[in-house]
Structures are given as structure tokens and as C-alpha cells.
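The values are calculated or read from the model by the stated rules, or taken from the named source; none is laboratory data. Owing to the predicted nature of the structure, the values given are computational and were not obtained by experimental measurement. Glycine also receives a Cβ, built like all others from the backbone with ideal geometry; neighbour counts cover every protein chain displayed.
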Ligand code: SF4
Ligand SMILES: [Zn+2]
């Protein structure tokens, strides 16, 4: 494999506390090495006057699997004016809010993202998720199977059987080649099986005689029992409704008293995702307002919690979530086309297009809330930038979100551009916030932070010797004054991107398709005959496929797996 | 000695049963018996064992006779045909695995072809409708566990999807449906008294082609508004009764088939059926699902969807993907005589397309990749027999509810035969050379 030395760039690496100092980064055999160890054959990349960071990590996006593809299929209009033709290194690629798999890989790579997590894998459809990830080039990917409405989990937790829950979770992670324990509207999506919902953490789940709070706490305990790399990753109840911040606080409070147990350096026991959608005050759309401060007051103090933002990008997009009842609610509000898939014993999903219009005050307020969360974060290692792609906007808008976070001027310009800026300003705190995030903050929020939260800080998120050589050079000089749009332009098209030591992007164009891997977590537990009997029984009685076919994820479906081993037998 | 293989997947209809047991000879060369499958599924497996099977490609001679050629010659013919064509059509895909489809799409992209599957002649209107209005649906296990109201609209599973009712929709005892058939009310809407209709609690014998009116009348009934005495041949009172039956259930589903997609009003019927489903969700929980025919037509739509963004009738001739059914759909392309090479795989347009289209196929360079001899292989210049997918080679397929299932290989193909994927991979590699890309 080739050697590289990236010379004289301004390096931002939170894992080593480097804040823009000039340094050389050396790459050999796919890893970062000490710059003294590089040979004279190394290819020199001149990064003078440029910014150097580790590859960025997407902690939460909907980029592969059944609902993403249903979105593509049912929105031909999303392809309009987006198609790129075949090139020497790329397949033809199209789509805006739900790009084709090829485009997904290319666009992440061009922005300097080298690892991405699919945020909601319905276990029964894991094969589909993996087939799409196989066709998503360059970036490493993992996927979170959903557990928050799973019949096994609810039955075990009703009886407080943590060990059985953990054994089942480990089995399912193995069967689906999954990465972490995801919860979406715990209990509420099962209730949706009957057209109902759970809007608070204490709403009982029909028939199963358990509450969302019990599911959440039980899965925290199972997660820490196993010592998984990531914590539970939760999309709480009551998404998207005015006044829902109290439900969010109730959810966050469930983390109290739990401490992370794992060998991966992770400190949180709960990751709360797309927090923007859960930080709403008011009780109608008329008096809708930001409660970002109330949420961040809690998060800033709770060292055992991490969050991501879910920034609204003011685009026409496609919402999609395992929160079935929410999507039904949304289609009743905006009357746009509604797709839904309920998945036996496990989960559901809904899809509705959505237009975040700068002319609508609610959309402006949502935009402000997402930014406020990041601007109020005291510890950028625990607050990560996402758009909950494609829910609050497409991931291709990250450079724009970064611009808004780094430049007060860019924010003020946007506030002025809103049709109802007075309303947006009075319902939020954004207008008076003059904090501008630094490149170091950004490196924490998009690199080192997510890597630590995911339990993969030894591989990703930094530039220490020994780590994977995921390195990005942006054509952005931190020493020189710059217009806000320069930030966006630089982060949109990286000058160089290395993935596992291979140069995959040069001057914003894909030059190599790399060596994509699928990351998954192999948690070994003690034999648990009871759980295996329960699994067998449910397959015989209630599933529509056989257990053997459910478990048969072939090698050709996960072509290049990378297992993170966890030993939970002790 | 024999061995029994379990969890075998049936590669015939969209029901994609995965509980078959197949007895094979110890050397894995002969298939002896098939258990759990329906008659048509069993037939599909046994058909692979016929002695007079064609095992090598055949090229049609000027005098109309067939000459056996090698796979390499077949690869050459196919690659040259695609390289030289301005607007080749690559049609079919519904009875092969996703792996083969994926390689086929690489070829199509290189060749600048139109790619289409059998949705073009069955559930295409369903796709158009769901692009208009969405689709509230669910997996078949949800039906088994929860559904107490089952509507079959314009479909006849007793014949077309024989195990559908026993595995998923009518007879099984699920978690919340412990009494099986007794837990459910079955409504069939069909102008004919089909074997499915005979089993129904309520049979609405709709006038041929009047499905749209009846669907709309259901919605009027849901709102308790005025109806004429008779709509689409059904008395209003009976419509109200059926609508109430749906409303009063806990979880309902409409399964629909070609009786509504391919009759007058086409996608408008489906639009209205989906609107009805959405409407019913104001009262209870309701879903709707197309009864997909070929076992992997769903998979073809999925793979096209994630690779190009459109599920059928995809035109790659301009270097980027376009989708415009009526313009980029196979029948229209052939009927207008725009296609200058025809590549058919895993389907039989020769039997299902209008005669004018078939005549056009006969005029142009053409390849048919199919284990069987079919009307299409008969009109094509080159017939490439291949291994039976799901019998002699595994691979991924998507059930009618989009659930992916990995099919299993149960016996070896006859010596020297290629699979779809192997043949296509050779064509792809040769085409790369011809295009100067390798
Ligand atoms: S119902 Fe369909 S899939 Fe099932 S055995 Fe019969 S033909 Fe095969
Ligand atoms: Zn999400």
C-alpha cells in the first residue's frame, strides 16, 4: 500500500488536543504513523494554508434499507435535475433527499465523511439494508437494528429479565450484523399496530403491559450488561409535537444513576438523537417555541448522555422514521403522500415528503432550535451535528450547517431572509447568540465526539499514530479571514480525502472507490437455552419466515465485514 | 441414500414460501421430492429435472434452425449486440435473483440501455399510484398476527398464490388471531365467482371495469353520506354493510391484483384503493398490498430503486436515468419500433406482449436468457439456457411485502451450465473490453 505525508497543514485533532497548529500527518498501510517513520517514497501532499482533520463520522442517517428505498421509489420527483452521469470512477448517480446508494457514498466522501451509521434497521429487513450498504461505495458503514418495540424485549422487560434481554439483543445483533441498540418511539410504534401511540414515557403499551420508561431503562441495563461499544441510541416518544420537551426531559432523566460499563472508552449510557425534533415548547403550532435551553441545561450537566442535533436545512425533503404514528400524524397535517410499513414483531416505518419553507415560521423556529442546541453545548465531545438525514434535511447540507454554526453573520443573514423573522426571533434565542464554533469544536462534533460515543475511538475520529488513516484536507485557511460561504464551499468539496490510507477524493472528485467495510458488533454471551427456545417458538408461531432463513445472512450480502468483538460471558 | 434440505425457498410466485423441504440424491445431482409447496411450486422444482432440457446456448440460423454454440460464443454475440445497439432494451428480471439483476444493471449502464421488469405489464399502475398518493402497508406476518378484516380485490389467490391464505392471510393462528379463520372476516371483490370468492364471508360481484366507482362508494359509505341505490352493480346497503365491516375491524388489509391494475382506469383504481385505505385509518388500522406475481419482481424494483432511483421502465440511454412510463416502458418502446436490440432475461414477453411488439423483437438482434424454452426464446436470435435460480443456485429475492429472503441451492445444474449471474458477469467483462474500459 502507498505511503503519504501530508505536510504543513493546520491540524485539528481533539484526540491529541491539536488546535490548528502546523503538523505533518503520515500514512502507511492504511494507518496513521509517526511522521518520523515514513519512508522517502511517500507521496507528499502539500497542505500549506489548508485545514487537516480526521475523516468525519455520521452518527445518525437514514441511508440504506427498506424505508429509504421506498422513499426513492415513491418520489421520482426527487431525482429531477440531480443526475450525474457515469465517470471513469463513478456510476451514474442521482437523487436529492434520498440519493441512490452510489451517490450516497460519493457525496459523503466528497465532504470528508468516511464512516456512516444507518440509524434504523428493521431486523427482518437486515438483508436489504446490507445489500444497499454493499452498493454504497467508499465509506465504512454500520446499522442500528431497532429494539424499542420488539416483542421479545417487551416480554422480557415486563418481567425485569435483563440477562435474557441482553442475550436476545446479542443474538439479534449477530443475526442482523447490527452495530447498536436503537429505540424509536419505544412502545409507541407497537401501539401503532392498532393505530395508537404512546406520547409519554408512562403511557402503557397496549397488551404488553409495559411503559416506554421501563423499556428504556431495561435496554440501558441490557446494553451495559453486554458492554457494547455504543450506548442505547434513542429517538424518544412524542416526536415533533409542540410542548414535547417535557417528554424529552423525562426520557433524559431515565439515564440518571447509570454508569457506562465497557472497554471502548465510551462514557455515556444514552444517546438521544435528532434532539431538535424533541425540544419544542408551546401547546399549539401558533405558540410553538424553542426549548433548546431547557434541554441543553440538562444535557450540559448529564455527563452520561450524548446527543445529536437534527438540524433543519430549509429544503424540500423526505421524512422517514420507524415512528409510524408520527408519520401518520404528519400526513394528516401536510396532506402529502404517506407510505407506511408495519413489521411483524419488531417495528414499523412511515414516510412523508416535507417542505421546510423559509416562509413558514414553524420551519424557521425549527431551524433555530437545531442551531441553538449546538451553540449551547458546553461539551462539543457530547453534542454532534446531524440532519437526521433526510428528516430535517439531506446530509449534503452539512457544510451549510457548519457555516451557520461557525458564522454569526451567516445566521443573521438567514434570520433576515425569513418571511416571518419577527416570529422566529421571538420564539427562539438564536438572534442574540453570538457564539461562533471553532474548527476545533467542529472536529469534536463531527469526528472525535461521535467516535467516542460509538465506542470506536481507537479507529476513527483522530489522527494519532495507529488509528485508521481516514484523513481529510480542506482548502480552508484558518489563519486568514474568510467569508461564511468559503466555509461552506471548503467543506462541500474536500481537497483530499483518504479512507483507510487510500486517496479516494481529490479536489472534490471521487478518484477511487476504496475498500468499503461493514462494521458490526459481535457480542458473546453465556449460552442461554431459554432465550433460544423463545426465539424458536416465536419463529414457529408468529414470524412469516423461518428462523434459519432469518439468520442466514450470507457472506455475499456482507462482503467485507469488520466485527467489533465484545465478551459478555463474564 | 437421499438427504432432505429444509427451509428451501420456492422460486415461483410472490408468496415466496420459505418452508419447503426438498429431498435430493446423495450426490446432490437429482431432486427427488418436494414437500410443503403447492402444486405450481412443486412443478417448478420438478421441471428442472426434465431429461430433454436444453443445456447449451443456441443460435438461430438463417434457415430458422438452431445451432448449438458455446457460452463464450453466446457471450460474444450478446456483448457485441449491446455494444452496437443505439437503444437496446433489457427486459425481464422478475424470475432471477438480485445478484444477477445487479450485474445486469452495470451492463445496462455501460450499454446505455432501457431497463424494465414485468411490472410494466402487471403492477406498473400500482407504482404510479403509490408515487401519487403513497402506500400504507405492512409485512405478511402482521396480517397473520393481527388482521381480522381481509379484502381480496381483483385477485384470486386460490389459483395465483395458492399458499397465501394458509400461510398469511386467512387460516393461520397468529398472536392476536388465535382462532385462525374464525378471527377473520373475508371480503372478495371480483366480477367472477372465483374459488377465492367462494370462500368469502362477503362477495361483492362488481360489474366488470367498475372498481373505481365501488372504491369511491366505499369511501362515501365511510362518511355515511348519500349513495345511489346501486353502484357498480352492488346495492348501496351491501356496500354500507361491507364498509362498516371494515370500519369495525381492529386491523384490516386490502390485497389487490391484476383485476384492478390492468382493467379500465388502471392506476386511478389503485389511487382510490389507497385513498380508501388511508381513509379507513381514521377509524381503525388498515393496510394495502399488491399481490406481486413473479417471485422476484419486487426485488427487481428494489435493486433498480437503490441503484437508479426508479423501480421500472428506467431509460439509461442518455447517460443518466430517466423514468417516464408510457415513454420509457417496454411495450411503448417496442410498439414505436425504437428499440434496436432486445435482451430478455427471466421472463416471457413473447407470451405476454402485444403481437406488434413481438414482431418487432423478431426483426432485431435479440437474446433470451431463460432456463425454459418459451415463446420469447422462440422469436429470439440467441437462446441462452441457464441454471434455475432458487433450485440450482441461490441468491436474494424479495417477497411481495418487500421482505428479502435468500434462496437456497438444492441441486447442481447440469454439468457446464452457467447461472444468470455468471453469464452476465462474462458479458459485462466483455462489454467493458469492447467499450475500452478494461
Ligand atoms: S404459493 Fe407460490 S411461493 Fe408458495 S409454494 Fe406455491 S408457488 Fe411457491
Ligand atoms: Zn432518524
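Report yes if some residue within segment B:251-264 is on the phi < 0 side of the Ramachandran plot, free of Cβ contacts under 8 Å to residues at least 60 places away in the same chain and either in a strand (DSSP E or B) or not assigned by TED's automatic domain parsing to the domain that holds residue B:103 (or both); otherwise report no.
yes
Give segment B:173-184 a look and list any residue that's surrounded by fewer than 19 Cβ atoms within 10 Å (Cβ to Cβ) and in contact (Cβ under 8 Å) with a residue 24 or more places away in the chain, or say none. Write out each step before concluding.
Our first condition is that a residue be surrounded by fewer than 19 Cβ atoms within 10 Å (Cβ to Cβ); within segment B:173-184, this holds for B:173, B:175-176, B:178-183.
Passing the criteria: B:175, B:176, B:183.
Looking at segment B:292-310 only, could you name the residues that are over 29 Å from residue A:191 (Cα atoms) and facing another protein chain (nearest Cβ under 7 Å)? Don't jump to the end; show me each part of the working.
If we filter segment B:292-310 for residues that are over 29 Å from residue A:191 (Cα atoms), which is where we start, we get B:293-297, B:299-301, B:303-310.
Within segment B:292-310, B:301, B:305, B:306, B:307, B:308, B:309, B:310 qualify.
Can you report the number of residues in segment A:98-135 which are within 18 Å of residue A:498 (Cβ to Cβ) and either modelled with pLDDT under 95 or buried (at least 24 other Cβ atoms within 10 Å of the Cβ) (or both)?
The number of residues fulfilling the criteria is 10.
If you scan segment A:357-370, which residues turn out to be crowded, with 24+ Cβ neighbours inside 10 Å and either modelled with pLDDT under 95 or touching a helix residue (DSSP H, G or I) at 6+ places or on another chain (Cβ under 6 Å) (or both)? It would help to see each step written out before you state the result.
First, pick out the residues of segment A:357-370 that are crowded, with 24+ Cβ neighbours inside 10 Å: A:364-370.
Within segment A:357-370, A:364, A:365, A:368, A:369, A:370 qualify.
Considering every residue within segment A:73-94, establish whether at least one is closer than 27 Å to residue A:234 by Cβ and surrounded by 24 or more Cβ atoms within 10 Å (Cβ to Cβ).
no
Working carefully through the options A:548, A:523, find the one that is in contact with a strand residue (DSSP E or B) (Cβ under 8 Å, 6 or more places away or on another chain), in a helix (DSSP H, G or I) and not assigned by TED's automatic domain parsing to the domain that holds residue A:231.
A:548
Hey, does segment A:335-356 have a residue that's free of Cβ contacts under 8 Å to residues at least 12 places away in the same chain, out of contact with any strand residue (DSSP E or B) (no Cβ under 9 Å at 6 or more places or on another chain) and either surrounded by fewer than 24 Cβ atoms within 10 Å (Cβ to Cβ) or part of a helix (DSSP H, G or I) (or both)?
The answer is yes, given that some residue of segment A:335-356 is free of Cβ contacts under 8 Å to residues at least 12 places away in the same chain, out of contact with any strand residue (DSSP E or B) (no Cβ under 9 Å at 6 or more places or on another chain) and either surrounded by fewer than 24 Cβ atoms within 10 Å (Cβ to Cβ) or part of a helix (DSSP H, G or I) (or both).
Can you tell me which residues in segment A:239-279 are free of Cβ contacts under 8 Å to residues at least 40 places away in the same chain, within 15 Å of residue A:291 (Cβ to Cβ) and part of a loop (DSSP other than H, G, I, E, B)?
A:244 - this is the single residue of segment A:239-279 that is free of Cβ contacts under 8 Å to residues at least 40 places away in the same chain, within 15 Å of residue A:291 (Cβ to Cβ) and part of a loop (DSSP other than H, G, I, E, B).
Name the residue that is farthest from the other protein chains (Cβ to nearest Cβ), counting only residues in segment B:209-257 that are under 20 Å from residue B:278 (Cβ atoms) and out of contact with any helix residue (DSSP H, G or I) (no Cβ under 8 Å at 6 or more places or on another chain).
Of everything passing the filter in segment B:209-257, B:213 is farthest from the other protein chains (Cβ to nearest Cβ).
Looking at residue B:289 and the list (1) within 26 Å of residue A:350 (Cβ to Cβ); (2) away from chain A (no Cβ under 14 Å); (3) assigned to a strand (DSSP E or B), which single condition is not satisfied?
(2)
Could you count how many residues in segment A:526-545 are surrounded by 14 or more Cβ atoms within 10 Å (Cβ to Cβ), more than 10 Å from chain B (Cβ to nearest Cβ) and not in a helix (DSSP H, G or I)?
Of the residues in segment A:526-545, 1 are surrounded by 14 or more Cβ atoms within 10 Å (Cβ to Cβ), more than 10 Å from chain B (Cβ to nearest Cβ) and not in a helix (DSSP H, G or I).
Can you confirm whether segment A:342-350 contains a residue that is more than 14 Å from chain B (Cβ to nearest Cβ) and within 16 Å of ligand 2 (Cβ to nearest atom)?
no
Against the conditions (1) facing chain A (nearest Cβ under 10 Å); (2) surrounded by fewer than 24 Cβ atoms within 10 Å (Cβ to Cβ); (3) within 20 Å of the chain's Cα centre (by Cα), where does residue B:319 fall short? Just the number, please.
Residue B:319 satisfies all of (1) facing chain A (nearest Cβ under 10 Å); (2) surrounded by fewer than 24 Cβ atoms within 10 Å (Cβ to Cβ); (3) within 20 Å of the chain's Cα centre (by Cα) except (3).
With respect to the numbered conditions (1) more than 10 Å from chain B (Cβ to nearest Cβ); (2) within 16 Å of ligand 2 (Cβ to nearest atom), which one is the sole condition not fulfilled by residue A:81?
(2)
Criterion first (under 15 Å from the mean Cα position of the chain (by Cα), modelled with pLDDT of 95 or more and more than 30 Å from residue B:248 (Cα to Cα)) does residue B:333 satisfy it?
Details: under 15 Å from the mean Cα position of the chain (by Cα): no; modelled with pLDDT of 95 or more: yes; more than 30 Å from residue B:248 (Cα to Cα): yes.
No.
Please find, within segment A:286-312, the residue that is nearest to ligand 2 (Cβ to nearest atom) out of those that are outside any loop (DSSP other than H, G, I, E, B) and closer than 30 Å to residue A:122 by Cβ.
Looking only at segment A:286-312, we keep the residues that are outside any loop (DSSP other than H, G, I, E, B), and these are A:289-290, A:292-301, A:305-308.
Among the residues that remain, those that are also closer than 30 Å to residue A:122 by Cβ are: A:295, A:299, A:305-308.
Working: A:295: 17, A:299: 18, A:305: 17, A:306: 15, A:307: 13, A:308: 9 Å.
Top of the filtered list is A:308.
Given the criterion more than 16 Å from ligand 1 (Cβ to nearest atom) and surrounded by fewer than 16 Cβ atoms within 10 Å (Cβ to Cβ), identify the matching residue among B:92, B:104, B:28.
B:28
What number of residues in segment A:147-165 are more than 14 Å from chain B (Cβ to nearest Cβ), touching a helix residue (DSSP H, G or I) at 6+ places or on another chain (Cβ under 8 Å) and on the phi < 0 side of the Ramachandran plot?
Of the residues in segment A:147-165, 10 are more than 14 Å from chain B (Cβ to nearest Cβ), touching a helix residue (DSSP H, G or I) at 6+ places or on another chain (Cβ under 8 Å) and on the phi < 0 side of the Ramachandran plot.
I'd like to check something: does segment B:355-363 contain any residue that is out of contact with any helix residue (DSSP H, G or I) (no Cβ under 6 Å at 6 or more places or on another chain) and either crowded, with 22+ Cβ neighbours inside 10 Å or in contact (Cβ under 8 Å) with a residue 24 or more places away in the chain (or both)?
There is no residue in segment B:355-363 that is out of contact with any helix residue (DSSP H, G or I) (no Cβ under 6 Å at 6 or more places or on another chain) and either crowded, with 22+ Cβ neighbours inside 10 Å or in contact (Cβ under 8 Å) with a residue 24 or more places away in the chain (or both).
Hey, residue B:275 hits all of (1) over 30 Å from residue B:250 (Cα atoms); (2) surrounded by fewer than 23 Cβ atoms within 10 Å (Cβ to Cβ) but one; which does it fall short on?
Going through the list (1) over 30 Å from residue B:250 (Cα atoms); (2) surrounded by fewer than 23 Cβ atoms within 10 Å (Cβ to Cβ), residue B:275 breaks only (1).
Residue B:190 - would you say it is within 16 Å of ligand 1 (Cβ to nearest atom) and either outside the structural domain of residue B:17 (by TED's automatic domain parsing) or on the phi > 0 side of the Ramachandran plot (or both)?
no
Within segment B:1-102, considering only strands (runs of 3 or more DSSP E) that don't extend past its boundaries, which have at least 1 residues that are within 16 Å of ligand 2 (Cβ to nearest atom)? I'd like the intermediate steps shown before the answer.
Numbers: elements: B:2-8, B:20-25, B:31-35, B:58-60, B:66-68, B:88-92.
Hits in segment B:1-102: none.
Out of the residues in segment A:313-330 that are closer than 14 Å to residue A:276 by Cβ and part of a strand (DSSP E or B), state the one that is nearest to ligand 1 (Cβ to nearest atom).
Ranking the candidates gives A:321 first.
Checking residue B:283 against (1) more than 9 Å from every other protein chain (Cβ to nearest Cβ); (2) assigned to a loop (DSSP other than H, G, I, E, B), only one condition comes out false. Which one?
(1)
Kindly indicate whether any position in segment B:408-419 is surrounded by fewer than 24 Cβ atoms within 10 Å (Cβ to Cβ) and outside any loop (DSSP other than H, G, I, E, B).
no
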